[in-house]
Amino acid sequence: MVSKQEIQSKIRQTVEMVRRTNPIAGSITNSVTINFVANAQLAVGGSAAMVYLPDEAEFLAKAGGAMYVNMGTLLPIYEETLPYAAKVLHETGKPWVLDPVAVGIGSLRTQILQQFKEYKPTIIRGNASEIIALAGLWGLDGGTDESNVRGVDSTDSVSAAKTAAIALAKWTGGAVAVSGETDLITDGSIMAVSYGGSHFMEKITGAGCSLGGVVAVYATATSPFIAALTASALYNLAGKRAELKVDGPGSFQVQFLDELYKAKAEEIAGNSFDMEEV
């Protein structure tokens, strides 16, 4: 297994490369959090571009370094845009991040997520219930056909999604990040658990969605596992620091963006995490 020191070195290199090169990571994301996703991507050193239309999604899929696909507030046009973008990304070998928001709710959402199975997202980021439900939809270990997703909220613990996360990572050949009180990140061979964050993250809209957008930024510069772990480490560090400076969710969101921007590569790499083989 790769040592913790080697992982930390790769995290530092990833953060520094992104801030030096300002890579573009396009997003097809939900209307509730689009502003926060873009601002978070900018804060970490990336370049943001938000699209809805199929031809624009194709352009970004080919021109950008990576792409973020969020299944939140679906629009009718997404029935065409999302599978088309995923197909182009898969065929061109570009990394892309899937956030299966509210998987199991509605026939269109289910249909699109089922199509994504063959296009193998590079990184899947979601809460525990979403990861378990997606594994169930795709017929993989650890999944269930009965969704415990409540809107965008999880009713399962992060540890309960371990088997599903490993199965999804093995299927895609990429990585899976399960967000919660602690974050679980796996590539199917090794697993990391990242610590920190803030209780205020549950009180603002877009903490998870913006994390997915930041994962996509880092995916332009490194492997799927390191991209997901780097983003999780940064979010846990920034959340922990922001909470110490505020007394409510409104000010937390502003301070959190500042902490994303201010965090140094060495500090992000040094945020607490454990590793094990799976």
Inter-residue pairs, beta-carbon under 8 Å, first on the phi > 0 side of the Ramachandran plot and in region 194-211, second assigned to a loop (DSSP other than H, G, I, E, B) and not polar (S, T, N, Q), 6+ apart: 197/181; 206/32
Suppose the filter is over 11 Å from the mean Cα position of the chain (by Cα), surrounded by 21 or more Cβ atoms within 10 Å (Cβ to Cβ) and modelled with pLDDT of 95 or more; does residue 210 pass it? no
Identify all residues within region 78-120 that are outside any loop (DSSP other than H, G, I, E, B), among the β-branched types (Val, Ile, Thr) and under 24 Å from residue 187 (Cα atoms); write none if there are none. 88, 92, 97, 112
Starting from region 154-171, keep only residues that are more than 22 Å from residue 105 (Cα to Cα), then list their pairs with residues that are part of a loop (DSSP other than H, G, I, E, B) and hydroxyl-bearing (Ser, Thr, Tyr) whose Cβ atoms are within a distance under 7 Å, requiring at least 6 positions of separation or different chains. none
In this structure, does residue 185 turn out to be among the aliphatic types (A, V, I, L, M), within 30 Å of residue 272 (Cα to Cα) and in contact with a Gly (Cβ under 7 Å, 6 or more places away or on another chain)? no
Restrict the check to region 5-16 and report whether at least one residue is in a helix (DSSP H, G or I), of a type in the set (Lys, Arg), farther than 18 Å from residue 120 by Cα and at pLDDT 95 or above. yes
Among 198, 157, 189, the single one that is more than 16 Å from the chain's Cα centre (by Cα), of a type outside the set (D, E, K, R) and at pLDDT below 95 is 157
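The values are calculated or read from the model by the stated rules, or taken from the named source; none is laboratory data. Note that the structure is a prediction, hence the values are computed from the model and not measured. We place every Cβ from the backbone using ideal geometry, glycine too, and count neighbours over all the protein chains shown.
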